[in-house]
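The values are calculated or read from the model by the stated rules, or taken from the named source; none is laboratory data. The model shown is predicted, which means the values in this text are computed figures rather than measured ones. Every residue, glycine among them, receives a Cβ derived from its backbone with ideal geometry; neighbour counts consider all protein chains shown. We work out accessible area using only protein heavy atoms, side chains counted, and drop any ligands, DNA or RNA first. Shrake-Rupley method; radii C 1.70, N 1.55, O 1.52, S 1.80 Å.
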Amino acid sequence: DAQLDLLPYYTCCLTELGCGERSYPEAQAWQASVSGGIRAYASVRGAIDDEQQVKGYFTLSGKALVHNAANLAELMNTTFTQLRLDEYPKIRELMAQKLARKQQGITGSGHGLAMMAASSHYSPAALLSERQQGLQSIARLKQLDATLDDDQALQQLAQQLAELHQLLLVAPRHFLTVAEPARRDEIDRTLEQCWQPLATEFAFEAFSLAPVRESVKQVWGTNTQVNFCAKAYATVTVEHADAAALTVLGEFLRNGFLHRAIREQGGAYGSGASQDSSSACFRFFSYRDPRIEETLSDFDQSVSWLLESEHAPSRLEEAVLGVVSSIDKPGSPAGEAKQAYHSALFGRTPAQRQQFRARVLMLSLDDLQRVARCYLKDQPASVAIITDPKQADMLAQQGYQLFKI
């Protein structure tokens, strides 16, 4: 668990520190001379038919002009296999920069942070995302940063990152190259020469996460003059037949009710709803909102509006087209290749995607009302609110779990 919390710090440091004989300024100059940049990140997702079963991958990626393909391979290999974790002042600087970015981003992405908190206990991957990227991660990094002016604490962090690095060095590797077909064999040979096979004596055990499926009621107090509200309900994974109707339901509620009630009448900058099939939950949100309790009530009223009002067929068509357009949205050739590759690692294939699309096109208004009754109407929900410290204290007296950052 401690290493999982350190993983975002590791990915932050990996491409910013020195490698081999190069110091971090020299490594940065090397990156700029042969590539368009390299980056490192970790991704964890639930299975398409069970949100409690997760897979995770650490990814190091880069891009370069084709005549620099060999240089890029060498750069990425040296960066990963010869990482320098002895540049303590740079590690200290990176942690301070990361904390500043996170704190400054609260009011800009508060709705996303609130949704992450509200859905955090509906799946293992969602809980890990909250720990590594959400409000919890800000509080944890703030505590860590306060200790790092002590040289011993800083060296201890570097040692912990080194231990994590050693685990990743012996993990099984997958390679993806995207380039012109004529250069494929050449690039494959370069990779084989640059990345030697792993020694077989190392035993590798893929990580797993403990199951979790429960509701939360949280309020986060921070330096803000506006509120961010989120409410989440347990639903289903993408492979379930109801996932398509829940996805369209988010568009339907946003277009038909939430925008008018929360933005136009309530004064918030934005609002919406969406199905998060990877965590098997449905989430409402408001953005830069002057209200709290009234907005939470509007989330509930949107479901009543769906079930009790007459709706023109064009509303359903609009919502379906919104979902289909996001499925069919074209990307760059390289972007689509990378997306297809990473999706396949998590069991999300083109055939599964087309099946989901077909289900979307077959939906009726009755389907939307059925899933709303089943998963949203009078069902237990998770709530997360980001607000100022004074209102946070008041909500804590009403039963909310209180956090401050």
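Sequence-ordered 3J(HN,Hα) estimates for segment 105-110 from the Karplus curve with 6.51, -1.76 and 1.60 and θ = phi - 60° stand at x, 4, 6, x, 10, x Hz, glycine and proline given as x. Here the Karplus relation 6.51 cos²θ - 1.76 cosθ + 1.60, evaluated at θ = phi - 60°, turns the backbone of segment 238-246 into coupling constants of 5, 6, 6, 4, 7, 4, 5, 5, 5 Hz, with x for every Gly and Pro.
Using a Gaussian network model of the chain in which every pair of alpha carbons under 10 angstrom is joined by a spring, one finds that among Phe257, Phe207, Phe284 the greatest mean-square fluctuation is at Phe207. Within the chain, the longest segment free of exposed loop sites, counting GluC sites (Glu not before Pro) that fall outside DSSP classes H, G, I, E and B and have at most 14 other Cβ atoms within 10 Å, spans 22-200. What is the angle, in °, between the Cα long axis of helix 151-169 and the longest principal axis of the Cα atoms in the chain? Nearest 10 is fine, range 0 to 90. Taking Cα atoms only, the helix is inclined about 90 degrees.
With respect to the chain, whose longest principal axis is taken over its alpha-carbon atoms, helix 69-81 is tilted by about 90°. Note on the chain: Cα-only Rg and Dmax are 23.4, 70 Å.
May I ask for the Kirkwood hydrodynamic radius of segment 258-405, worked out over all distinct Cα pairs and given in angstroms to one decimal?
18.2
What the phi angles of segment 25-36 give under the Karplus curve with 6.51, -1.76 and 1.60, with θ = phi - 60°, is a coupling list of x, 5, 5, 5, 5, 5, 4, 5, 7, 10, 9, x Hz, glycine and proline written as x.
Over segment 13-89, accessible surface divided per residue gives 48 Å², non-protein components excluded, 1.4 Å probe.
When the scattering of segment 7-143 is computed by the Debye formula from its Cα atoms alone, each counted once and equally, what is log10 I(q)/I(0) at q = 0.10 Å⁻¹? So the normalised log intensities work out to -0.43.
The distance linking segment 135-195 with segment 1-73 is 5 Å (Cα centroid to Cα centroid, whole angstrom).
Counting only alpha carbon atoms, the long axis of helix 2-14 and the longest principal axis of the chain meet at about 60°. Here each label is just a point 7 Å from Cα along the line to Cβ, and for Arg370 and Ala2 those points are 5.1 nm apart.
Carbon-plus-sulfur fraction of the accessible area of the chain, 1.4 Å probe, in percent?
49
In terms of distances greater than 20 angstrom between alpha carbons, the cross-link table entries Lys98/Lys231; Lys55/Lys404; Lys142/Lys217; Lys102/Lys142; Lys90/Lys404 yield Lys98/Lys231; Lys55/Lys404; Lys142/Lys217; Lys90/Lys404. Once you've got the GNM for the chain with C-alpha springs shorter than 10 Å, pick whichever of Gly112, Gly221, Gly267 has the biggest mean-square fluctuation. Taking springs between Cα atoms under 10 Å, the residue moving most is Gly267. Computed over the chain with a Gaussian network model linking Cα atoms closer than 10 Å, the most mobile of Ile38, Ile385, Ile48 is Ile38.
Just grab the label-to-label distance for Asp149 and Ser43, each label 7 Å out from Cα along the Cβ direction, in nm (one decimal). Output for this residue pair reads 4.0 nm.
In this simple spin-label model, placing a label point 7 Å from the Cα along the Cα-to-Cβ direction at both Asp378 and Arg357 gives a separation of 4.0 nm. For the chain, adding -39500 (n - 2.57) for each run of n ≥ 4 DSSP H residues and dividing by the number of residues yields -16000 deg cm²/dmol at 222 nm. Rounded to 0.05, the FRET efficiency of the Ser343 and Leu198 pair, given R0 = 22 Å and the Cβ-Cβ distance, is 0.30. Calculated accessible area for segment 280-405 comes out at 54 Å² per residue, all protein chains present (probe 1.4 Å; ligands, DNA, RNA ignored).
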